[in-house]
Each structure stands twice: as C-alpha cells, then as structure tokens.
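Some notes on the structure that comes next.
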Amino acid sequence: MSEPIKYSDKKVAELKQLCKDRYISGYSSKNKDDLIKLLEEYDKPVEESSTIDASLNKIKEVLENPQAQKELLYLYRISQGEYTFRGTTGSEIGISREKDLVAVLKYYLGNDIDVSIHNKLEEDFLMYTDKISVKHATLDKNKEIAIKAKWTADAKKAAEAITKFINKRNNINMLIVVFDMVNNQIIIHCIKYNIINELIAIHGKLAFNSSTGTNNRGIEYSKKIVDEFCKKSYFTITIPNANIKTDIIDPIQRRCDLLTKCRLDTLPESAPPS
C-alpha cells in the first residue's frame, strides 16, 4: 500500500492539481489550508446513505414479485418488437429496456421513485434519495457480457473519462440485467456503489476496456470487474422462463398498418396535413 500524501509539504499549485485530478469542485479560489481540508475530506471513506438498504430492498421486493416479473417480460417483448428490423435488433433497445424496468418499479413504488432525471446524468432514477443506474446486457456465446460505462468515439475523451471513473467518488448504485437466452432466463444483479468504488480502486485502468473510432463500443467495464461486481452483488434475482420473443411485425410495417386503420376524422387536430 502506498504511503499517504503529506499535503502540508505541497505547494498551493500542487494541491490544486491534486484537487483537479480527483474532480473535487470549488478549489480554484481556496488557500492552502482550505485546499488541504478539501483533500482530507475526499480521502475519508465514503459512508453509505442512511436509506440505501431500504431503497435496494424495496427494489428487490418488486423484482421478486412474480406478477411484476410477468409485467416486465411483457414490456421487454414490446421493446423487442419495436427495435427489431429485418431480423436485427438495434442498439436503441438498451434505452427502451431501461425504461421498461423503471416503468415497472414506478408502477409499484409510485412517488418513492423519481424518474425526472436529466439524460446526461449517469443515474437513471432515484429511489428515495439514492441514485440507481440500470445496465442491460446479453450473454454471448462465450458466456460473457458487455456493460457500457460511457459512450464516446473520441480517444482523448475516453482516456479522460476512465481517469475520472478511477479518481472521482461514485455514489451511484447499479442494476445489471443479464439476458441469458440460451437458458431462457434473466438475471438481475444489484451492486452497491461502495463495492463499485472499491473494485475500481483495486483494478484501476484494468477495470475498463476502451475502443474508439468507427463502430466503436466506447468504454466498457472489463470482464474481470463485471464478474466481481456480480459476485459481490447486494442481491441477485433470476427470472425463469423469460421468453421475450415476439410475433410483432417490424416497426415500420406496424406503423403502416396503424395508418391504414386510422380515419381522417379521428386524427388529432395537431396532426400535420397529409
């Protein structure tokens, strides 16, 4: 283990650089004593929120409910039909599946869940005041899953993002939803943010895979760290008989059929003229 940094031996410019590297805000106008306080506060272990167990247990209770599971599969089938075109499922299905899961939780938990989250934020919803991110993945033929950490095609931005993941304290819990179509099941893992922080701190840059350029997959969590996330999950739920195949025709033809059935006098007044 490396020796702790002796901040009192550092110059103001060096302390400010340490704050910048750790993504600590509000340091630019601070004097040396205040900069040291900021850094020492950052170094303290992150304490769990007082509501975290209650939040995650509420989510667990819903996702263990057979009726909620049935309804979730129903929504997943709709997304499968909507984002499958000419036999290929588009990347947009990930966002749709996130909405499916959050919708089921919202349906059961009501105002305990806040879904009015800006789409630029990492979290997908708040349970009470606890941040939750939802990740969906499909088990491939090698029994591996790819979990996206961040979308970017820029090599510099990818490197900066990985540094930020490593240095910035994370307070976002994660739900990883794995589609295992070979065994016809869906497995949901819930990982607390302190476990995520701990494992990323241990593995550093090896916690991530990054590719840039055309058709890149952005930044993904490495297979090793995803395996460790799942092994240290707060809860794991398996939904058996998870058939999400659908007989819905492709989305373009479905819309054409809807237009055929639609009469002019039933169109909304705001509809554009034909």
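Couple of notes before you dig in:
- Qualifying residue in region 83-100 (condition: closer than 15 Å to I172 by Cα, loosely packed, with under 14 Cβ neighbours inside 10 Å and within 15 Å of the chain's Cα centre (by Cα)): no
- Check on N194, assigned by TED's automatic domain parsing to the domain that holds A103 and in a loop (DSSP other than H, G, I, E, B): no
- Region 102-130 - residue that is over 23 Å from N65 (Cβ atoms) and in contact (Cβ under 8 Å) with a residue 40 or more places away in the chain and, of those, surrounded by the fewest Cβ atoms within 10 Å (Cβ to Cβ): T129
- Residue that is farthest from D250 (Cα to Cα) [pool: residues in region 62-101 that are in contact with a strand residue (DSSP E or B) (Cβ under 7 Å, 6 or more places away or on another chain) and free of Cβ contacts under 8 Å to residues at least 60 places away in the same chain]: E98
- Selected residue [modelled with pLDDT under 90 and not in a loop (DSSP other than H, G, I, E, B)] from Y107, Y27, Y42, Y76: Y42
- Applying the criterion of at least 2 residues that are under 17 Å from V177 (Cα atoms) to the strands (runs of 3 or more DSSP E) found wholly in region 124-165 leaves 130-138, 147-150.
- Test result for I188, surrounded by 15 or more Cβ atoms within 10 Å (Cβ to Cβ) and either outside any strand (DSSP E or B) or touching a residue at least 12 places away in the same chain (Cβ under 8 Å) (or both): yes
- Any hit, region 235-244, residues being in a helix (DSSP H, G or I), surrounded by fewer than 18 Cβ atoms within 10 Å (Cβ to Cβ) and hydrophobic (A, V, I, L, M, F, W, C): no
The values are calculated or read from the model by the stated rules, or taken from the named source; none is laboratory data. These numbers come from a predicted model, not from an experiment. Counting neighbours? That spans all protein chains shown, and the Cβs are built from the backbone with ideal geometry, glycine included.
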